[in-house]
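Data first, discussion second: the structure below is written as structure tokens.
The values are calculated or read from the model by the stated rules, or taken from the named source; none is laboratory data. These numbers come from a predicted model, not from an experiment. Every residue, glycine as well, gets a Cβ built from its backbone with ideal geometry; the counts of neighbours run over all protein chains shown. Heavy atoms of the whole protein, side chains included, go into the accessibility calculation; ligands, DNA and RNA do not. Shrake-Rupley method; radii C 1.70, N 1.55, O 1.52, S 1.80 Å.
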Amino acid sequence: MKPWGGRFLEPTDPQIEDFTASIEIDKRLFAYDIMGSIAYAEMLERIGILSEAERKKIVKALEEIKEEIETGRFKFSNELEDIHMHVERRLVEKIGETGNKLHTGRSRNEQISLDVRMFLKDELREIECELVRLMGSILEKAEKYKDLSMPGYTHMRKAQIVPFGHYMLSFYYMFKRDRERIKLAISQADAMPLGTGALAGSTIPIDREYLRERLGFSRLTENSMDTASDRDFVLDATYALSVLMVHLSRLSEDLIIFSTEEFSFFRLPDRLLTGSSLMPHKKNPDALELIRGRTARVISDLFSLLVLLKALPSTYNRDLQEDKEPLFHALSVAKSSISIMRLCIEGLEINREGIENALKTGYIEATELAEYLVLKGLPFREAHRLVGTIIKECDRRKISLKDLQINELKSFSSLFDEDVYEFMDPLMIVKKRMTYGGASYDGVVKQIEEERVYLSS
């Protein structure tokens, strides 16, 4: 008989049972459901609903059920819908009528909220740890090549010279923000819902504070009606994961582009690449492409949750059963993608010659040349126009800015002197930058030191 069977005149149609069942999705929450039930049994003893002997009997049986599930001996059925009913039915089978006391003052509405919150906190902490390892790998790579400069791009066109370490740190800081978002998502999930019932609490004196402390939550949920339908913590987590995946996708895109034969800045080791079934010469960055592709699916997980919640009436509705599949998927994809990206960063080989050759073309020192004139007293807009005119002449002659003799430069402006060549030297450009957060060697070294402290905290 169903837990609600007393009200109904006929059994549930098997098609309805199959359609409404969520056990194939939520059975992975079994450990958290049992953990919550053990704590709840202890609380019921404290308030006099269970005797000590009954509590011990229930706890022992719940631990046995957990072992049955872990070892694959537990039988799941759509007839019992969800993980809560499976555990409760098995409990009653094992210890009889005493098992029916466990659900006193409790609703599956609050149980699923509890289970997902505990599960999510653990999963997000694992993802945070994976992310910290990736960030550490980025710092290692930035430090190893801290004396290397490379072209920086805007609109995928050469823009200015930057240290390679500064380039790598640009992704590090994206992931640093992601870490903070994940920590915030953990704190948003860290509210204990047990004791709020289906939507109104209970006349039974449920000791919520004991449950909060026993289950390791920092605070209690504050409104029973809101608790029944609150999935903001799921949205927060999925949003954080979506932004993280966007950042992983952007880094994937850069690694894919800069490891092409056309750029040849980077090389990925063969163990991280795949081949072609037709073309013998191909080495394809499929893993990076899949990170890029799976980002779309995680973003879709976020959108599906937003659409799921956007027009629900207050308190619990069965629609909320559909929140777990997109959440579980987003967590799984993010965790595996971070791990793969760490392998790519650690295995990344840098082609100094290819990068240094790229610095010789594209008038990449043009901005610094304009700043040279500004420091000599020329207004920036006039300096910008003048350097553009010089580049137009270089284009016509098919030479670089550094190929111009000093007398040729002076023909454009008397402000040019021999020291101008220092301003166009790639090494000196990155050494001269003074702006906080700017692309300088000293800035890279200082930030690496600071961020090592951050990662260790």
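Tell me the angle of helix 286-309 to the major Cα principal axis of the chain, expressed in degrees between 0 and 90 and rounded to the nearest ten.
50 degrees
Of all alpha-carbon pairs in region 96-198, indicate the percentage at a distance above 18 angstrom.
The calculated P(r) of region 96-198 puts 66 percent of pairs beyond 18 Å.
Run the simple label-point estimate for Val445 and Ser332 please: 7 Å along Cα→C-beta, distance reported in nm.
Result: 4.8 nm between the two label points.
With labels modelled as points extended 7 Å from the Cα through the Cβ direction, what inter-label distance (nm, one decimal) is found for Asp425 paired with His281?
Each label point is offset 7 Å from its Cα along the Cβ direction, giving 4.0 nm.
Just to verify a number: FRET efficiency for Glu143 and Leu220, C-beta to C-beta distance, R0 = 45 Å, to 0.05?
Result of the calculation: an efficiency of 0.50.
With runs of 4+ DSSP H residues as the only contributors, calculate the mean residue ellipticity of the chain at 222 nm using -39,500 (n - 2.57) per run, divided by the residue total and rounded to the nearest 500.
It comes out at -20000 deg cm²/dmol, rounded to the nearest 500.
Compute the FRET efficiency between Phe303 and Thr260 as 1/(1 + (r/R0)^6), taking r as their Cβ-Cβ distance and R0 = 30 Å, and round to the nearest 0.05.
According to the calculation, E is roughly 0.40.
Over all alpha-carbon pairs of region 411-452, lay out the pair-distance distribution in 5 Å bins, whole %, shortest bin first.
Spelled out bin by bin, region 411-452 gives 5, 21, 20, 17, 13, 10, 7, 4, 3, 1, 0 percent.
Counting only C-alpha contacts under 8 Å and six or more residues apart, can you give the relative contact order of the chain as a whole percent? Display every interim value, and only then the final one.
Working: 577 pairs, mean separation 75.0, N = 457.
Computed over the chain, the figure is 16 percent.
What is the Cα radius of gyration of region 277-435 over 2.2 N^0.38 Å, N being its residue count?
Here the answer is 1.79, to two decimals.
Gap in Å between the Cα centre of region 39-109 and the Cα centre of region 389-450?
Centre-to-centre (Cα) distance: 73 Å.
Roughly speaking, what is the stretch gain from Val374 to Asp270, that is 0.36 nm per residue apart minus the C-alpha to C-alpha distance, in nm to one decimal? Walk me through the numbers on the way to the answer.
Numbers: separation 104, 0.36 × 104 = 37.44 nm, distance 4.85 nm.
Net length gain for the segment: 32.6 nm.
What is the P(r) of region 183-291, as percent of Cα-Cα pairs per 10 Å bin from 0?
Over region 183-291, the share of Cα pairs per 10 Å bin runs 12, 27, 16, 13, 14, 13, 4, 0 percent.
What GluC sites (Glu not before Pro) does region 388-457 have in DSSP loop regions with at most 13 other beta carbons within 10 Å?
Answer in residue order: Glu418.
What FRET efficiency, computed as 1/(1 + (r/R0)^6) with R0 = 51 Å and r the Cβ-Cβ distance, is obtained for Lys398 and Glu79, rounded to the nearest 0.05?
Approximately 0.05, to the nearest 0.05.
Shape verdict for region 50-113, please, from the Cα gyration tensor: rounded (a/c under 1.5), prolate (a/b greater than b/c) or oblate.
Oblate, because a/c is 1.5 or more while a/b does not exceed b/c.
Working from Cα positions, state the angle (0 to 90°, nearest 10) between the long axis of helix 164-189 and the longest principal axis of the chain.
Between the helix axis and the principal axis of the chain, the angle is about 20 degrees.
Using a simple charge model, +1 on the beta-carbon of Lys and Arg, -1 on the beta-carbon of Asp and Glu, nothing else, what dipole does the chain show about its Cα centre, in debye to the nearest 20?
Details: 66 positive and 76 negative charges, 138 e Å.
Charge dipole of the chain: 660 debye, to the nearest 20.
At 7 Å along the Cα-to-beta-carbon direction for both Lys360 and Ile406, put a label point, then send me their distance in nm to one decimal.
2.5 nm
What fraction, in whole percent, of alpha-carbon pairs in the chain exceed 36 Å separation?
48 percent
Run the numbers for Glu382 and Ala31: contour at 0.36 nm per residue of separation, minus the present Cα-Cα distance, in nm.
119.4 nm
Tell me, what % of the accessible area of region 237-330 is carbon and sulfur with a 1.4 angstrom probe?
That share works out to 56 percent.
Between the helical axis of 324-347 and the dominant principal axis of the chain, each derived from Cα atoms, what acute angle in degrees is found, rounded to the nearest 10?
Here the helix axis deviates by roughly 40 degrees.
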